[in-house]
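A.B. asks: Following this message is one structure expressed as structure tokens.
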Protein chains: 2
Amino acid sequence: VAIIGAGQVGTMIGLALRSRPSHGSDAGPAQVAVFDRDRAVAERSLARGSANRILPHLEDALTADAIVLAVPVPEIVKLIDEFGRRLPVGSLVIDTGSAKRVVVKAMRRSISEGVHAIGGHPMAGTERPGAEGASAKALAGAAFVLTPIRDDGAAVGRAAGLAEAAGARPVVMDAESHDRVVALTSHLPHVMAFALAGLAGDAAREGEPVAALASTGFSSAARLSRTDPEMVAAFLSANADEVRQALGRLMERLQALDAALDDEPRLKAMLAVAHAERGTHP
Amino acid sequence: VAIIGAGQVGTMIGLALRSRPSHGSDAGPAQVAVFDRDRAVAERSLARGSANRILPHLEDALTADAIVLAVPVPEIVKLIDEFGRRLPVGSLVIDTGSAKRVVVKAMRRSISEGVHAIGGHPMAGTERPGAEGASAKALAGAAFVLTPIRDDGAAVGRAAGLAEAAGARPVVMDAESHDRVVALTSHLPHVMAFALAGLAGDAAREGEPVAALASTGFSSAARLSRTDPEMVAAFLSANADEVRQALGRLMERLQALDAALDDEPRLKAMLAVAHAERGTHP
């Protein structure tokens with residue numbers, strides 16, 4: 001397995017693959033090689049134990065049995081368009097980006113049939129950037145979404161095997177469904193957390209005792225604003241249409257709650273519905 | 001100490017007081033009595049260890065050295081207006097409500113000078129309701145806001161002593177500042193979490209695979225929607241003006257982020273500011 005991109009996500013996958021014996025083979029743990037255009041980043045990832053070795057050149061990754069693209073979404077698309085035609089028939093190519101339609105489109109456009117290309121999104125990670133923030137545990141039992149790009153059972157089967165070898169739970173769906181739901185369950189929460197952190201920053205600058213009055217509830221609500229802004233901007237832009245839809249629905253709901261602030265029984269009834277629904281998902 | 005209200009907050013305070021030796025005295029841990037209009041709730045709190053005994057009648061609490069009102073905000077106001085005139089000179093009365101202006105107003109109106117009344121808000125707790133959800137640990141090192149109602153050094157001193165005896169850190173400020181800042185650091189995050197949980201509930205009902213795609217980021221963002229909706233509706237309504245202000249600022253910010261979704265460099269710059277500010281508070 002060659003992992004391109006040795007940040008938090010790439011390191012997490014490498015760690016997870018190397019910490020478990022390969023399924024259904026006598027080969028022992030997976031052999032993992034890692035590439036990062038920043039050599040120091042690759043070294044830190046290797047030091048965490050994500051790989052057996054560092055690949056000095058990106059081209060060295062192209063001949064691996066399986067290639068994992070673990071860079072921000074726009075770079076994933078660039079890599080696919082630049083190197084897709086050079087991938088050998090029979091190899092598996094999967095990415096880890098948080099927006100899937102743009103990736104799947106690029107794969108269809110630039111990777112020929114015979115190469116087993118498929119979109120991937122491990123629904124796990126931490127808000128701490130870089131190899132230092134990676135946690136192999138985060139993947140254990142987490143959903144690893146697979147979005148097929150064409151009728152290719154081998155791509156689905158091999159990608160599912162890879163996800164399971166990393167301890168995750170493969171979930172196959174189309175890229176459109178993924179992007180629509182993730183806009184709500186992941187991208188919108190990121191926007192909300194960054195907005196809240198920004199407001200708190202404004203108030204603190206105006207001299208309000210924000211730090212003294214920020215409790216664990218605030219920390220929890222603002223947690224995702226610790227995520228690398230470059231990565232977040234990349235996936236929000238790549239999924240802008242769906243994020244805009246989700247934001248529109250959120251603002252309608254906030255307005256409805258605003259309108260009920262002076263009517264405690266109605267407010268309580270509205271909150272109680274959301275509270276009860278909270279029981280239906282993790 | 002008599003605690004009125006044996007839910008999560010009252011139980012937390014009782015547990016915290018009883019788990020530490022009294023400061024500056026040889027009396028050992030504080031003697032705590034608890035009252036709840038629902039006897040079964042009081043029994044569960046006692047079983048958790050929050051008190052030495054149960055008070056059978058609310059009136060039994062009125063003669064305690066210190067009275068802690070740990071019920072939802074509207075009930076705090078009712079209790080003060082109903083029983084404030086009957087409190088003996090020299091006793092300490094403090095509440096635990098999350099909105100302070102309405103409480104301070106009621107105390108000024110209905111509690112005579114000579115009784116040491118002061119607003120209080122322990123900035124700690126869990127989203128699990130009832131005595132079962134209480135955690136004495138949650139108070140350790142947490143801010144316990146004290147909002148004086150008149151020039152009464154003894155009220156501040158004794159309330160600070162009580163907060164410290166429970167392991168918390170007293171923070172004195174006026175009720176207006178408290179309500180303005182808490183609208184942002186606590187009330188708004190509650191509104192956001194309930195709105196998000198409601199949207200996710202809607203999508204799940206429409207058949208979207210929400211549960212499969214809700215990761216730890218979603219759980220963190222929606223965590224506060226597990227809080228008792230009655231309590232949340234009560235403090236949001238009691239602090240409606242400030243919450244409305246905070247909501248207005250949030251919506252402006254969400255609109256600005258929305259407008260930047262198609263302009264990745266600008267979006268990244270906006271997110272980076274909030275991300276950097278996140279470092280300035282917990």
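A.B. asks: With a cut-off of at least 3 residues that are of a type in the set (Asp, Glu) and within 24 Å of residue B:233 (Cβ to Cβ), name the helices (runs of 4 or more DSSP H) lying wholly within segment B:30-137.
C.D. replies: B:73-83
A.B. asks: Now for a separate question. Show the residue pairs that are 6+ apart or on different chains and have beta-carbon atoms under 6 Å apart, the first residue being within segment A:162-180 and part of a loop (DSSP other than H, G, I, E, B), the second being surrounded by fewer than 19 Cβ atoms within 10 Å (Cβ to Cβ).
C.D. replies: Going by the 6 Å Cβ cut-off, the qualifying pairs are A:167/A:140.
A.B. asks: Let me ask you something else. For segment B:158-188, which positions are within 14 Å of another protein chain (Cβ to nearest Cβ) and of a type outside the set (A, V, I, L, M)?
C.D. replies: B:169, B:170, B:174, B:176, B:177, B:178, B:179, B:180, B:185, B:186, B:187
A.B. asks: Go through A:252, A:242 for me and flag whichever is assigned to a helix (DSSP H, G or I) and surrounded by 18 or more Cβ atoms within 10 Å (Cβ to Cβ).
C.D. replies: A:242
A.B. asks: Take segment A:142-162 and flag every residue that is in contact with a strand residue (DSSP E or B) (Cβ under 6 Å, 6 or more places away or on another chain) and within 20 Å of residue A:186 (Cα to Cα).
C.D. replies: Residues satisfying the conditions are A:143, A:144, A:145, A:146, A:147.
A.B. asks: A further question on this structure: Could you run through segment A:258-282 and say how many residues are touching a Leu at 6+ places or on another chain (Cβ under 7 Å), closer than 25 Å to residue B:257 by Cβ and part of a helix (DSSP H, G or I)?
C.D. replies: Total satisfying the criteria: 2.
A.B. asks: Looking at (1) surrounded by fewer than 22 Cβ atoms within 10 Å (Cβ to Cβ); (2) at pLDDT below 95; (3) within 12 Å of chain A (Cβ to nearest Cβ); (4) in a helix (DSSP H, G or I), which is the one condition that is false for residue B:224?
C.D. replies: For residue B:224, the exception is condition (1).
A.B. asks: Taking the options A:156, A:115, name whichever one is modelled with pLDDT of 95 or more, of a type in the set (A, V, I, L, M, F, W, C), in contact with a helix residue (DSSP H, G or I) (Cβ under 9 Å, 6 or more places away or on another chain) and on the phi < 0 side of the Ramachandran plot.
C.D. replies: A:115
A.B. asks: Just name the residue that is surrounded by the most Cβ atoms within 10 Å (Cβ to Cβ) out of those in segment B:255-282 that are touching a Ser or Thr at 6+ places or on another chain (Cβ under 6 Å) and of a type in the set (D, E, K, R).
C.D. replies: B:278
A.B. asks: For residue A:192, indicate whether it is crowded, with 23+ Cβ neighbours inside 10 Å, at the interface with chain B (Cβ under 7 Å from one of its Cβ atoms) and under 22 Å from residue B:198 (Cα atoms).
C.D. replies: It is true that residue A:192 is crowded, with 23+ Cβ neighbours inside 10 Å, at the interface with chain B (Cβ under 7 Å from one of its Cβ atoms) and under 22 Å from residue B:198 (Cα atoms).
A.B. asks: Just give me the residues in segment A:1-58 being at pLDDT 95 or above and of a type in the set (Asp, Glu), in sequence order.
C.D. replies: A:36, A:38, A:43
A.B. asks: Could we say that residue A:212 is among the small types (Gly, Ala, Ser), in a helix (DSSP H, G or I) and either crowded, with 22+ Cβ neighbours inside 10 Å or more than 7 Å from every other protein chain (Cβ to nearest Cβ) (or both) here?
C.D. replies: no
A.B. asks: Somewhere in segment B:149-156, is a residue hydrophobic (A, V, I, L, M, F, W, C), surrounded by fewer than 20 Cβ atoms within 10 Å (Cβ to Cβ) and within 30 Å of residue B:249 (Cα to Cα)?
C.D. replies: Within segment B:149-156 (the criterion being hydrophobic (A, V, I, L, M, F, W, C), surrounded by fewer than 20 Cβ atoms within 10 Å (Cβ to Cβ) and within 30 Å of residue B:249 (Cα to Cα)), the answer is no, since none of the residues qualifies.
A.B. asks: Considering only segment B:47-86, state which residues are touching a residue at least 24 places away in the same chain (Cβ under 8 Å) and either more than 22 Å from residue B:107 (Cβ to Cβ) or of a type in the set (S, T, N, Q) (or both).
C.D. replies: Listed by number, the residues that qualify are B:47, B:48, B:49, B:50, B:51, B:52, B:63.
A.B. asks: Can you name every residue in segment A:110-136 that is β-branched (Val, Ile, Thr) and closer than 19 Å to residue A:95 by Cβ?
C.D. replies: A:111, A:115, A:118
A.B. asks: While we're here: Being touching a Ser or Thr at 6+ places or on another chain (Cβ under 8 Å) and of a type in the set (Ser, Thr, Tyr) is true for just one of A:225, A:220, A:237. Which residue is that?
C.D. replies: A:220
A.B. asks: Can I ask one more? Which count do you get for residues in segment A:134-160 that are among the hydrophobic types (A, V, I, L, M, F, W, C) and in contact with a Lys or Arg (Cβ under 6 Å, 6 or more places away or on another chain)?
C.D. replies: 2
A.B. asks: Residues to consider are A:198, A:217; find the one that is in contact with a Lys or Arg (Cβ under 7 Å, 6 or more places away or on another chain), facing chain B (nearest Cβ under 7 Å) and free of Cβ contacts under 8 Å to residues at least 40 places away in the same chain.
C.D. replies: When all the criteria are applied, what remains is A:198.
A.B. asks: Turning to a different aspect of this structure: Condition first: closer than 11 Å to residue A:5 by Cα and out of contact with any strand residue (DSSP E or B) (no Cβ under 8 Å at 6 or more places or on another chain). Now tell me which residues in segment A:37-69 satisfy that.
C.D. replies: Scanning segment A:37-69 gives A:37, A:38, A:41.
A.B. asks: Is there a residue being within 7 Å of chain A (Cβ to nearest Cβ) and more than 25 Å from residue A:230 (Cβ to Cβ) anywhere in segment B:250-270?
C.D. replies: Yes, segment B:250-270 contains a residue that is within 7 Å of chain A (Cβ to nearest Cβ) and more than 25 Å from residue A:230 (Cβ to Cβ).
The values are calculated or read from the model by the stated rules, or taken from the named source; none is laboratory data. Quantities reported herein were computed from a predicted structural model and do not represent experimental measurements. Quick reminder, even Gly has a Cβ in these numbers, built from the backbone with ideal geometry, and neighbours come from all protein chains shown.
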